[in-house]
Amino acid sequence: MIPGSFEYYRPASLSEAVGLLARLGEEARPLAGGHSLIPMMKLRMATPEHLVDLHGIADLKGIRQENGQVVIGAMTTQAELIASDLLATHLPLLRETALLIADPQVRYLGTLGGNVANGDPGNDMPAVMMALDASYQAVGVGGARDIPARSFYQGAYFTALEPGEMIASISIPQPQAGNGAAYEKLKRKIGDYATAAAAVVLTRSEGRITSCAIALTNVADTPLLAEEAAQILIGSALDAESVAKAVAAAETITNPATDGRGTAAYRTKMAGIMLRRALARAFERAAA
Ligand code: FAD
């Protein structure tokens with residue numbers, strides 16, 4: 001289908017972009033890689049009157065280390081995450097996750113900022129950002145504020161961004177020594193969104209888990225932080241009994257739709273299986 005008509009803007013700076021978003025109001029949307037927004041526009045599920053293309057803003061690109069954090073510009077593409085030596089060394093979980101998103105064509109244009117801002121429960125990066133305790137720098141004409149990923153997602157396509165705000169960067173605390181992380185995703189075929197997926201970030205000392213964060217993708221209207229499940233595992237050596245309890249706790253908080261990917265019951269069980277696999281790999285990696 002053909003999208004509705006819209007006005008196109010290409011600001012050269014962040015201040016120009018937020019000025020445009022404020023002036024044009026609720027009918028304006030930032031345009032990043034366009035790989036979620038344009039399909040929605042073609043289906044007429046989104047009909048913005050103004051598109052503010054972020055590609056001309058150099059400040060929104062790049063990956064750097066700053067005060068114990070890895071800071072990633074919102075317009076950094078998924079392909080650039082995969083190619084980054086800095087991430088390969090300090091946050092290999094991002095590369096692992098980006099490789100599970102769609103296909104190379106989508107990843108060359110799709111951005112990290114677009115993926116986390118979109119609010120689609122099927123996007124993979126939000127759960128990973130919640131498990132990593134990342135925060136998003138939201139910028140508007142009134143200034144900038146940091147929003148924790150863990151409180152950003154309010155419903156399907158509803159986020160904590162205020163009208164006129166956009167994400168400029170994503171900050172991720174650099175993982176501690178003894179850290180292990182994994183993202184496990186079940187999908188029907190290459191290029192598919194998750195039937196269910198699980199992100200795990202943990203630390204291990206003398207064979208026991210000393211900290212743990214778990215988040216789930218596409219098994220509710222928002223990504224889910226499985227706090228009780230993570231708490232159960234702290235102090236354990238990832239023994240079968242603790243894992244079974246944690247998986248049961250994680251499954252309890254899911255509320256997936258029955259759809260083409262399976263029944264709600266099946267998708268809940270798959271979330272549990274993805275969690276088991278992610279826990280085993282993260283635990284093993286933490287020991288290496
Ligand atoms: P856009 O499509 O340009 O924007 C998405 C939304 O975010 C829009 O509402 C836009 O206004 C807003 N936005 C963009 N940037 C900002 C910003 N900086 N601040 C505030 N708001 C912003 N994704 C997955 O996670 N997993 C998958 O398996 C997957 N499979 C896919 C398969 C196909 C065939 C396709 C076409 C897409 C798939 N995607 C998948 C989506 C893809 O990852 C998108 O690129 C991503 O969801 C959005 O990023 P984008 O840069 O394309 O953003």
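The values are calculated or read from the model by the stated rules, or taken from the named source; none is laboratory data. Predicted model, so just to flag it, every value in this text is computed and none were measured. In this analysis, Cβ positions are derived from the backbone assuming ideal geometry, glycine residues included, and neighbour counts consider all displayed protein chains. SASA here: full protein model, heavy atoms, side chains in, ligands and nucleic acids out. Shrake-Rupley method; radii C 1.70, N 1.55, O 1.52, S 1.80 Å.
Determine ³J(HN,Hα), in whole Hz, for all residues of segment 53-59 in sequence, where each value follows from phi through the Karplus function 6.51 cos²θ - 1.76 cosθ + 1.60 and θ = phi - 60°; x replaces Gly and Pro.
Each residue of segment 53-59 in turn: 6, 8, 5, x, 9, 4, 5 Hz.
Springs between alpha-carbon pairs under 10 angstrom, Gaussian network model over the chain: which of ASN67, ASN123, ASN115 fluctuates most?
Comparing ASN67, ASN123, ASN115 in a Gaussian network model of the chain, the most mobile one is ASN67.
Test of understanding: extend the Cα→C-beta vector of ALA257 to 7 Å, then name every residue of segment 225-246 with backbone N under 15 Å from that spot.
Within reach of a label on ALA257: no residues.
What are the ³J(HN,Hα) couplings of segment 232-239, residue after residue, when phi is run through the Karplus curve with 6.51, -1.76, 1.60 and θ = phi - 60°? Round to Hz, x for glycine and proline.
Taking θ as phi minus 60°, the curve returns 4, 7, 5, x, 8, 9, 6, 6 Hz for segment 232-239.
Please list PHE158, PHE283, PHE6 in order of solvent-accessible area, largest first, computed with a 1.4 Å probe with all protein chains present.
In descending accessible area the options line up as PHE158, PHE6, PHE283.
Keeping all protein chains in position, work out how much accessible area MET1 exposes to a 1.4 Å probe, and write it in Å² to the nearest 10.
150 Å²
Among DSSP beta bridges lying fully in the chain, give the percent that are antiparallel, nearest 5.
85 percent
Skipping prolines and chain starts, which residues have an amide H placed within reach, meaning under 5 Å, of the one on SER169, given they are 5 or more residues away or on another chain?
HN-HN under 5 Å from SER169: ALA74, GLN137.
Take the alpha-carbon positions of the chain, form their convex hull, and give its projected area averaged over all directions (one quarter of the hull surface) in nm².
That works out to 14.5 nm², a quarter of the Cα hull's surface.
Could you work out the local net charge near GLN176, counting Lys and Arg as +1, Asp and Glu as -1, over the other residues with Cβ closer than 13 Å to its Cβ?
Its environment carries a net charge of 0.
Using a probe radius of 1.4 Å on heavy atoms only, what accessible surface per residue do you get for the chain? Whole Å² is fine.
It amounts to 45 Å² per residue over the chain.
Starting from the Kirkwood Rh over alpha-carbon pairs, what translational D in µm² s⁻¹ does segment 139-288 have by Stokes-Einstein at 4 °C and 1.567 mPa s?
79 µm²/s
Please report the spacing between the Cα centers of segment 247-288 and segment 140-190 in Å, no decimals.
So the separation of the two Cα centres works out to 20 Å.
Could you work out the helix-only [θ] at 222 nm for the chain, with each DSSP H run of four or more residues adding -39,500 (n - 2.57) and the total divided by the number of residues, to the nearest 500 deg cm²/dmol?
Calculated from helices alone, the mean residue ellipticity at 222 nm is -9500 deg cm²/dmol.
So if the hydrodynamic radius of segment 63-172 is defined as the Kirkwood radius over C-alpha pairs, what does Stokes-Einstein give as its diffusion coefficient at 25 °C and 0.890 mPa s, in µm² per second?
For the chosen part, D equals 176 µm²/s.
Given a 10 angstrom Cα cut-off, can you work out which residue in THR268, THR258, THR89 is the most mobile in a GNM of the chain?
THR89
If you put +1 on each Lys and Arg Cβ and -1 on each Asp and Glu Cβ, how big is the dipole of segment 239-288 around its Cα centre, in Debye rounded to 20?
160 debye
About its Cα centre, what dipole magnitude does the chain give when the only charges are +1 on Lys and Arg Cβ and -1 on Asp and Glu Cβ, stated in debye to the nearest 20?
740 debye
GNM on the chain, C-alpha springs below 10 Å: top fluctuator among ALA127, ALA271, ALA240?
In the Gaussian network model the winner is ALA240.
Can you check how the C-alpha radius of gyration of segment 9-49 compares to 2.2 N^0.38 Å, as a plain ratio?
1.23
Which Cα, out of ALA271, GLN78, GLY68, lies furthest along the positive dipole direction of the chain (beta carbon charges, K/R +1, D/E -1)?
So the residue furthest toward the plus end is ALA271.
For the chain, what % of the accessible area comes from carbon and sulfur atoms, probe 1.4 Å?
Carbon plus sulfur share of accessible area: 52 percent.
With θ taken as phi - 60° and the coefficients 6.51, -1.76 and 1.60, list the Karplus ³J(HN,Hα) couplings across segment 223-231 in order, rounded to whole Hz; mark glycine and proline as x.
Coupling constants for segment 223-231: x, 10, 8, 8, 5, 5, 4, 5, 4 Hz.
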